């Protein structure tokens, strides 16, 4: 799907660039690009300045699979996902007053990068990530309380969990699974 002309002139953000690099990496891993094509397109993404530049570089890739975005929401109460649940590529979680518990330690993760977008009002959130996961909190804004997270040394084999969005008055706690 192409963007409107005025959107093509919009300057890209670092998050747009990272998402484009991720799409290229996934296409390369699936055998849709040769090594040379990957190098050329990666250079194009890193030098792109507008949305149109990015779309031109990504035009040869097939469209992203539909249904890889899931939304979970609750005004109050709890949101809880544990056990062997299938984690979508992008998970949007919204809670005004309740608690959010996401346990990814035994979840089925099919993607090298998982985006979790949090919109939490006054409730708290706790996320347990796989032992070897890399957590990126660059796109998260916090209100009253800081995030509690102790990063582990990355071994390079686990998924990258990118957490973005906003935490209002609640606290986000992230921990790595023990096993």
Among the numbered criteria (1) touching a strand residue (DSSP E or B) at 6+ places or on another chain (Cβ under 7 Å); (2) surrounded by fewer than 17 Cβ atoms within 10 Å (Cβ to Cβ); (3) without any contact (Cβ under 8 Å) to a residue 24 or more places away in the chain, which one does residue 77 miss? (1)
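Sort out for me the strands (runs of 3 or more DSSP E) sitting completely within segment 46-162 that have 2 or more residues that are within 17 Å of residue 176 (Cβ to Cβ), modelled with pLDDT under 90 and out of contact with any helix residue (DSSP H, G or I) (no Cβ under 9 Å at 6 or more places or on another chain).
none
The values are calculated or read from the model by the stated rules, or taken from the named source; none is laboratory data. These numbers come from a predicted model, not from an experiment. Quick reminder, even Gly has a Cβ in these numbers, built from the backbone with ideal geometry, and neighbours come from all protein chains shown.
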